[in-house]
1. Could you report the accessible area of Thr99 in Å², rounded to 10, computed with a 1.4 Å probe on the protein chains as they sit in the structure?
2. Using a cut-off of 11 Å between beta-carbons, work out the net charge of the residues near Phe157 (Lys and Arg +1, Asp and Glu -1, Phe157 not included).
3. Using the Karplus equation 6.51 cos²θ - 1.76 cosθ + 1.60 (θ = phi - 60°), what ³J(HN,Hα) coupling, rounded to whole Hz, does each residue of region 93-110 give in order, writing x for Gly and Pro?
4. Please report the orientation-averaged projected area of region 181-244, defined via the convex hull of its C-alpha atoms, in nm².
5. Order Ile202, Ile261 by their accessible area, 1.4 angstrom probe, all chains in place, largest first.
6. Quick one: what are the phi-derived ³J(HN,Hα) couplings along region 195-211, Karplus 6.51/-1.76/1.60 with θ = phi - 60°, whole Hz, x for glycine and proline?
7. Testing the spin-label approximation: label points 7 Å from Cα along Cα→Cβ at Met89 and Asp126. State their distance in nm.
8. So for the pair Val35, Trp65, with labels modelled 7 Å out along Cα→Cβ, what separation do we get in nm?
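The values are calculated or read from the model by the stated rules, or taken from the named source; none is laboratory data. Fair warning: this is a prediction, and the values are worked out from it, not measured in the lab. We place every Cβ from the backbone using ideal geometry, glycine too, and count neighbours over all the protein chains shown. Note: accessible area is taken over every heavy atom of the protein model, side chains too, but ligands, DNA and RNA are not part of it. Shrake-Rupley method; radii C 1.70, N 1.55, O 1.52, S 1.80 Å.
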Amino acid sequence: MAKTAGPEAGDSRGPSVISRLSARASGGVVQVVLVLIALFWLMPTVGLLISSFRGPTDIAETGWWTVFSRPAQLTAENYANLLTNETVMGSLWTTVAITVPSTLLVVVIGALAGYAFAWLDFPGRDWWFMVVVGLLVVPVQVALIPVSRLFNTLGIFQTLVGVVLFHVAFGLPFAVFLLRNFFAEIPRELLEAARLDGAGEIRLFARVVLPLGGPAIASLGIFQFLWVWNDMLVALIFADPGAPPITVALQQQVRQFGNNIDVLASGAFLSMVIPLAVFFAFQRQFVNGVMAGAVK
């Protein structure tokens, strides 16, 4: 009498562990948990936003959540005072003057260097790329003193040029590493076909490589923008004390005037909402870049 064979490993008749986990993860309970985690993560931002619309007396006496029972305490006077605060508004423009060129230079130079390391043959290419990778592990704190002395000798210490150069120097290793690995995944046949059509390296880079590398470039730009905008250590040392970025200006406001929490709350939210707007503006490109890097 023949025996009935038992189910073997990997039998397709029963659902696999991965499929069961995927089906369970797509359930409503997991989605509710994820929504609760997102709300908990956003709670400090919501509290800062509400506090920025409350008066200094209400902020000192009650918590921001009391606005739900007393909505009359909301006022736009804080932002009116902020717009007339020359220190905070001037520091905001200083931050823009530092962040924009630092981001653009890192993206442009990183894209050119990434293409060179990926598709151009030159002596010592692999060794130079290993040097770039090695620079990724160099902490910013190690370079503060020697770079300060160098910038002081060059006459650019505590200037916008010095701050921008420092951010560019420490942002380039990651930029070159990221874009080189992304550009290296472009099919060689595509580049060879463009060369056969008479495209030079500059035209090839501008017409073929840059459009294909758009998601990675957008991701790099977001990372660099957020890092420079939120930086305080480099700005505290290399920026002009008379025209500091907004992170340093807000810290000075706390130190000098401990009771102007209304200006601090609105200024802190203003300094945070701009990088958030940049992130959401390039969210699709950022996600495409992350997913493309994960697949490759």
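1. Surface accessible to solvent at Thr99 totals approximately 0 Å².
2. That works out to 0.
3. Using θ = phi - 60°, the values come out as 5, 5, 5, 5, 5, 8, 6, 5, x, 4, 6, 5, 5, 5, 5, 5, 5, x Hz.
4. With the hull built on Cα positions only, its mean projection is 6.2 nm².
5. The ordering from most to least exposed comes out as Ile202, Ile261.
6. 5, 5, 7, x, 7, x, 5, 5, 5, 4, 5, 6, 8, 10, 6, 4, x
7. Going by the 7 Å Cα→Cβ label model, 5.9 nm.
8. So the two model labels end up 2.0 nm from each other.
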